[in-house]
Structures are given as structure tokens and as C-alpha cells.
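Notes to accompany the following structure.
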Ligand code: MRU
């Protein structure tokens, strides 16, 4: 890490080449949705004309806001593995920049291919990482030297920009659902969320939290239940984000959600996703599946928000197929917090001899999910449904999306794409918003 600990305001001031950074005009302010300490901020942004990227170090939050600056593929791989950057779309964006830096660094084709593989494998569950690396590689294929570096950088920038657009669109769709609940009940909408799927987990806005930010802009009152999300405590990031944004929220222990749903204290559940199979099965932070089971039992609508880049069209189902990351035992045995002197300290909560298994994600079957909110609309899921058929059908034949699908998953997916009814299944009575033609 190059500039770990560089002060936040300084880091912000240094980002002079990015017209949107610093003291933004109201117009720019609308593009940069989040402010911390009265400064615009994002999950990641480029600096030095694309030579480096900056991002908040998420291993220090919410206790300290420190901005990292990195300019090599190796440093970004380390940041992804250590979870200084985390959350599926942000891992994708960081992976795209790592691939762009690699295109600048690699001296031989062999070095390039080996490096791309290392980036794509830095974390296994969030498919956005592989998607982004492929996309940068495809954009710069056949080029060399400065031309390759420039094209790869442009592709990384485009990935980041399209993440923002997608998240904003996701937010619009989910805000409509929040609004509907508000109009029906006439009181603040009580929303439960797990892990962190806010701006910190993306380039901007977030996925699950984007709808809350858009609903806030519309003046809809909300109260948010925030799961702690052991062992990495990403719920603390969510609580920090929401508090900074002025949305009322309450931190709860991971196991409290079931009781709250049973007692009628939750109107909606919204979570993000790390990988979604073609049938709508969703991999997300461990604990999501239990929330979905409780929601089903209590009749609480359970939504997943994710960009289409999180859908793995090469996977027919998720429960048996999605690779689930297992991380180090120390994430379970030790915990970070503020010590008596105000410093961030780590304390041990389980013995060094304790047997530990640290499963980082779980898979929620499609049948438990009310709808998947994407930038292309909301897709109803259910056993046997093919929720994303319309996305594939609606994209133009020569679009990037179709070419990637053709290259990476057409063979596997052809039966699913063409053997199903044109109608998006609506087996659970959820009205799907069909994607618009591109
Ligand atoms: O291990 P993490 O913190 O990277 O896992 C993050 C999650 O599971 C998020 O819920 C998911 O990536 C959605 S991010 C918008």
C-alpha cells in the first residue's frame, strides 16, 4: 500500500485531475452521491491521469477514514484479498484497474495472461471480478505498448462509470417499492439489510442501499435494521454509511432479524449479491440465507439488488455450483474495536486451539427471493423460473453483452435461452418490470 494513512482531506485535494472531485458544484454533487466530512467520496476513483486509484481503506472503517492510493496490479490484488476494497461491484472495479495497470506493466504476453489470472482469482465468489478482468482484457486484446495501456485504462474507467449508472437505476426501481409500502402503511418503512451493499461496496450509490438513498431524496421516511454481519462486521460499515447520510438505522445482532420479522417489525428485506446464477439463486454474505428463510416464514418480501454484471449466465443454478470463499480463522477468533486509549485494537475472542471454519458466503435459493432488482428492471424469481431471459433477448445481437455471452456461456445457456416462454415468470405474484430495449 503506497499511501496508506494519507490524510483524507489531503487525498481528496490531490485528486485534481478528476473534474468531479473536491469542491463539487451542485451538478457534480448529484453525480457524486456521498459526502463524508463535507467532502465528496466514492468507493474508488482514479487520480494522476489514471496512473493511480484512491479508495477508503475498509479494514479501518468505521473507526478511521484513511484513503489508500495504489498504482500497481500487485498492490490492488493485495487490497482485494485483504478486503481493503470489498463488495462485489467494488471488487470488480478494483479488478478492472488492476488489469489496466497490468496492461501497462506486463512486458510479455505470458506475463499478461498470468497476471490477469491472478487478478481474477483474488477472491472467488464475486463474479464481478472475473467479469471486469475479462472486459478489460477483451477491450485491449491485440494491442501492445502504450496503445494497450490506454485502451485498458479507458475500459476500467467505463466499468466504473457504468457501475454508477447501474446503481442509480437499481436505486430508482427499489425506491418505487419502498414508496409503495410507505403509501400503503403511512408510516416510516422498516427495512432490514445484511452485510454492506452501499456506496462503500460499489463505485457510488451502492446496490441494496441505493434504493434507500433515492427514497430519501423523495422524502420517504425509513428506519433500517442493520445486521452486524459477523465475522467481518460489515454491518458497521452500513450503519456508518446510513448515519452519515442521515437515514435512521439501528444495529442488531445477526440473529435478531428473525424475531423482528415475526413481530411485524420489518416491512422489506433488501440485500446485495456476489453472484447470481441463471435461475436466480443468489450468493451473498453468509447469513443471508437464514434471513431469507425467516422472511419467507413471516411473509416479509425479500429483495436482492445487483447489477447485471453480478449475474453468472454460465451457471444454470447456484446452490451446488457457486464457489464459496472460506477465509482465515483469525477473522472468527479475533475482533477489532476501539481500545481504552481510543486506538483501534484487535482482541482475541476464541482460543488458539479452537477449531474454526470461516465460511464467507451462502446461497439463497431463488424460491425464497421475491425479486431481483437490477438496472434493467426487477425480475421475479421462483422455482424453475428463468428470470433473466428478457435481458439476453433484449440486448442487440452485436452488443458487448451478447458478444460476451456468446464467448463465455452461449453453449451452456442456449437451451435455457431459447426453450423457455417469452414471459418472465411471475409465479409468486410479483409484478416484474420488464427491461427496456437497449
Ligand atoms: O466479503 P465482502 O464484504 O466483499 O462481501 C460483500 C457482500 O456480500 C455484499 O453483500 C455483496 O458484495 C453486495 S455488494 C454491493
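Which order do 187, 243 fall in if you start with the one that has the fewest other Cβ atoms within 10 Å?
Numbers: 187 11, 243 14.
Going from least to most buried by this count: 187, 243.
What is the Cα centroid distance between region 96-118 and region 122-138, reported in whole angstrom?
With region 96-118 and region 122-138 each reduced to a Cα centre, they are spaced 13 Å.
For region 35-64 and region 258-299, compute the distance between their C-alpha centroids and round to whole Å.
Taking the Cα centre of region 258-299 as reference, the centre of region 35-64 is 30 Å away.
Got the relative contact order for region 219-289 handy, in percent, Cα pairs under 8 Å and 6 or more residues apart? Could the numbers behind the result be given before it?
Details: 67 pairs, mean separation 19.0, N = 71.
27 percent.
Find the centroid of the Cα atoms in region 319-337 and in region 162-238, then give the distance between the two in whole Å.
Computed from Cα coordinates, the inter-centre distance equals 25 Å.
What is the gain in length, in nm to one decimal, between residue 265 and residue 349 on full extension, counting 0.36 nm per residue of separation less the C-alpha to C-alpha distance? Write down the numbers at each step before the final one.
Numbers: separation 84, 0.36 × 84 = 30.24 nm, distance 3.14 nm.
Stretched out fully, the residue 265 to residue 349 stretch lengthens by 27.1 nm.
Going by how many other beta carbons lie within 10 Å of each one, how would you line up 374, 333, 52, 108, fewest first? It would help to have the intermediate numbers written out before the result.
On the way: 374 28, 333 17, 52 21, 108 8.
Result, fewest neighbours first: 108, 333, 52, 374.
Kindly state, to the nearest 0.05, the FRET efficiency for residue 253 paired with residue 334, given R0 = 25 Å and r defined as their beta-carbon distance. Mind dumping the intermediate values first?
Values: r = 18 Å, r/R0 = 0.74.
Using R0 = 25 Å, I get an efficiency of 0.85.
Kindly provide log₁₀ I(q)/I(0) values, in the same order as q = 0.27, 0.29 Å⁻¹, from the Debye equation applied to equal alpha-carbon scatterers of region 234-301.
-1.28, -1.31
Just order 74-81, 345-352 by mean Cβ neighbour count inside 10 Å, highest at the front, would you?
Details: 74-81: 20.1, 345-352: 10.9.
Answer by packing, highest mean first, reads 74-81, 345-352.
For residue 110 and residue 180, what is the calculated FRET efficiency with R₀ set at 56 Å and r taken between the beta-carbons, to the nearest 0.05?
Working: r = 55 Å, r/R0 = 0.98.
Here the calculated transfer efficiency is 0.55.
Arrange the following residues from fewest to most other Cβ atoms within 10 Å of their Cβ: 218, 376. Walk me through the intermediate numbers first.
Details: 218 12, 376 23.
Listing 218, 376 from fewest to most nearby Cβ atoms yields 218, 376.
Counting alpha carbon pairs within less than 8 Å and at least 6 residues apart, what relative contact order, in whole percent, applies to region 312-374?
Details: 56 pairs, mean separation 23.0, N = 63.
Rounded, it is 36 percent for region 312-374.
Between residue 341 and residue 51, what is the label-point separation in nm under the 7 Å Cα-to-beta-carbon projection?
Using points 7 Å along Cα→Cβ, the separation is 3.7 nm.
According to the Kirkwood expression over distinct Cα-Cα pairs, how big is the hydrodynamic radius of region 76-184, in Å? Write down the numbers at each step before the final one.
Details: mean 1/r = 0.0680 Å⁻¹.
Mean inverse Cα-Cα distance, inverted, gives 14.7 Å.
Read-outs throughout are calculated quantities, based only on the coordinates presented, and are distinct from any laboratory measurement. What you see is a predicted model, and the numbers here were worked out from it, not measured in a lab. Cβ sites come from the backbone with ideal geometry, for glycine too, and all protein chains shown count toward neighbours.
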